[in-house]
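The values are calculated or read from the model by the stated rules, or taken from the named source; none is laboratory data. Quick caveat: nothing in here was measured; it's all calculated off a predicted structure. Please note: Cβ atoms are built from the backbone with ideal geometry, for glycine as well, and neighbour counts cover all protein chains shown.
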Amino acid sequence: MRTMVAWVPDWPALVRQAEHAEAHRGGPAPVEALAVLEKGVVLACTPAARAQGVRRGMRRRDAQSRCPDLVVCDHRPEVDARAFEQVLTTLEELSPGVAPLRPGLCALNVPERYYGGEAEAAAVMAEQLVALGVWDVRFGIADGVFVAELAARQATAQDCLVVAPGGNVDFLRDLPVEVLDVPAPADASTPGLDLVTVLRRLGIRRVGEFAALPAPDVLARFGAQGALLHRWARGEEVRRISRRTPPPELVATVAFEPPLERSEAVVFSARQSVEDFVRGLDRAGLVCSTLRIEVDAEVAGDLRVSSRLWRHPRWFGSGDVLDRLRWQLSADPPGGPVVAVRCVPVEVEPLGEHAESLFGGGPDDQVERSVARVQALVGPEGVRSVGVQGGRAPADRRLSAAWGERPVVARPVDRPWPGSVPAPAPATVFTDPAPAQVVGAEGLPVSVSGRGGLSGRPTRFRAAADLAWQPVAAWAGPWPVDEHWWDEAAARRVARFQVVGVDGSAWLMVVENGRWWTEARYD
């Protein structure tokens, strides 16, 4: 069967360029010269960077020397695969059974009869991908994946190179042996084999010359990987491609005709669709942990779309989705009659990963239902769950989220935090630090120098303006912290102390710009 390969050159670089343009929409000019690096080597680059001499395989320093304004990004294969999903979906609408080879490259059967020919089928697919925003896409058609990929790499943008049936050998004969420079599999007997270098040292410059070598000699000299490339060079297609199964359509949409004005009517009318949405996830063996709810409303004759992202510590049930819809309509009124509601799963996970163990151990369902009822009365922000994240100051370590939402950790706990206060952590952290006073033996305020030296030993203190002075029973510190020194607006230079009074009260204090503040209390 004839095989078509669709190739988008430098796909990782195009994805990063699109991300940068989206992040700086309406701001500075979009980035033109961009390169994606993997282990310090250029993996892909944009046409503007290539025009200035940047090439795949260059080291970072060499690439930046040729293009001083080059923007470099790290390789993120999971992001590339997620972005390529839209291309695969578009091709599947034209020809089922698409096999993704890697982000930016896929193979499929040629639907020549439906579109009137192989080149005509490629032209239709190119038109659809261009409409999607993929301008540089190239197609190759041959009797196997290997030759079809080589044909796609020789085609021009939005064009197709067709190798005639049975013409693999003629097509490969005059190609340079560099086209055989493909990565060896992880289980290859000679993973470090550089086949192209050895062939050139032997005086073999063309694929046809390599194909003319006896197969037993190639196997003995180059092993299984070399024998496989030798068969490809002879036009034999021995690689089977795995056709992917299109993912199920999980988005639930409910339209209202006529539009509904009351939020309770919207929630009640969406109940059946939400239950079908959850059952569809269950049939697919999935659960949704992050959900986006979109609400379409008619406002002054125009369609207004409002959306919000909701997270769940476990997964969404039908009641959870309806509660979020009700809260969203209350917190962000549509401004007009609601035309439609969509539930879009953003993060789905296998159901088995969230199944409870044989002896339980999961959250108490009765507690969750009770808290959910209270939350339904006071609103989503009225009941909150707390946690701990990384940070130097006690206030920075606080992590809070509405009950039922997964807290987003901005600073991981397991990172080193130089200058942080040692354990134990204070029990009460004040929202607004209280003005404090700390003096030495002669009644002069204690200050901290730029090198962390004290002007005197603390002897008396007052933790707040409404508290009495008392002698210092014990103290520890200072722990100097110089944060965000590279940002003039956010820079902060402080020193923290632990102070214990004679009455047994313990406080965490901070001195900044010569002034003392009480940040927290040890209970």
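See the values below:
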quantity	calculated
Residues satisfying the stated conditions in the range 494-521, i.e. surrounded by fewer than 20 Cβ atoms within 10 Å (Cβ to Cβ), over 39 Å from the mean Cα position of the chain (by Cα) and closer than 21 Å to His484 by Cβ	Asn513, Gly514, Arg515, Trp517
Test: residue in the range 322-330 that is among the aliphatic types (A, V, I, L, M) and under 28 Å from Gly97 (Cβ atoms)	no
Only one of Pro424, Pro416 that is in contact (Cβ under 8 Å) with a residue 40 or more places away in the chain and either loosely packed, with under 14 Cβ neighbours inside 10 Å or acidic (Asp, Glu) (or both)	Pro424
Hits in the range 265-282 (condition: acidic (Asp, Glu) and either farther than 16 Å from Ile293 by Cβ or in contact with an Asp or Glu (Cβ under 9 Å, 6 or more places away or on another chain) (or both))	Asp282
Options Glu118, Glu149; residue that is of a type in the set (Asp, Glu), modelled with pLDDT of 85 or more and surrounded by 15 or more Cβ atoms within 10 Å (Cβ to Cβ)	Glu149
Residue within the range 385-396 that is of a type in the set (Val, Ile, Thr), in contact with a helix residue (DSSP H, G or I) (Cβ under 9 Å, 6 or more places away or on another chain) and over 14 Å from Glu483 (Cβ atoms) present	yes
Pairs, first of a type in the set (D, E, K, R) in the range 44-63, second not in a loop (DSSP other than H, G, I, E, B), C-beta under 7 Å, six or more apart	Arg55/Val42; Arg56/Val42; Arg56/Leu43; Arg56/Ala44; Arg59/Val41; Arg60/Leu37; Arg60/Val72
Residue within the range 75-93 that is in a strand (DSSP E or B), touching a residue at least 40 places away in the same chain (Cβ under 8 Å) and not polar (S, T, N, Q) present	no
Top-ranked residue in the range 262-292 [being surrounded by 17 or more Cβ atoms within 10 Å (Cβ to Cβ) and of a type in the set (S, T, N, Q); ranked as farthest from Glu347 (Cα to Cα)]	Ser263
The range 336-360 - residue that is in contact with a strand residue (DSSP E or B) (Cβ under 9 Å, 6 or more places away or on another chain) and modelled with pLDDT under 85 and, of those, surrounded by the fewest Cβ atoms within 10 Å (Cβ to Cβ)	Glu353
Which listed residue is in the same structural domain as Val134 (by TED's automatic domain parsing), farther than 27 Å from Met125 by Cα and not in a strand (DSSP E or B), from Gln17, Gln64	Gln64
Long-range neighbours under 7 Å by Cβ, at least six apart or interchain, first residue assigned by TED's automatic domain parsing to the domain that holds Glu483 and surrounded by 11 or more Cβ atoms within 10 Å (Cβ to Cβ) within the range 435-454, second in a loop (DSSP other than H, G, I, E, B) and hydrophobic (A, V, I, L, M, F, W, C)	Pro435/Ala465; Ala436/Ala463; Ala436/Ala464; Val438/Val446; Val439/Val446; Gly440/Val446; Leu454/Val446
Qualifying residue in the range 79-86 (condition: crowded, with 20+ Cβ neighbours inside 10 Å and at pLDDT 85 or above)	yes
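Let's see how each residue does on (1) surrounded by 16 or more Cβ atoms within 10 Å (Cβ to Cβ); (2) modelled with pLDDT of 85 or more:
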| position | (1), (2) |
| --- | --- |
| Gln158 | yes, no |
| Val163 | yes, yes |
| Leu180 | yes, no |
| Asp187 | no, no |
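So that you can scan it fast, the table gives a plain yes or no per residue for (1) at pLDDT 85 or above; (2) under 15 Å from Asp181 (Cα atoms); (3) surrounded by 13 or more Cβ atoms within 10 Å (Cβ to Cβ); (4) acidic (Asp, Glu):
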site: Ile204; (1), (2), (3), (4): yes, yes, yes, no
site: Pro214; (1), (2), (3), (4): yes, no, no, no
site: Trp232; (1), (2), (3), (4): no, yes, yes, no
site: Glu236; (1), (2), (3), (4): no, no, yes, yes
site: Arg244; (1), (2), (3), (4): no, no, yes, no
site: Glu249; (1), (2), (3), (4): no, no, no, yes
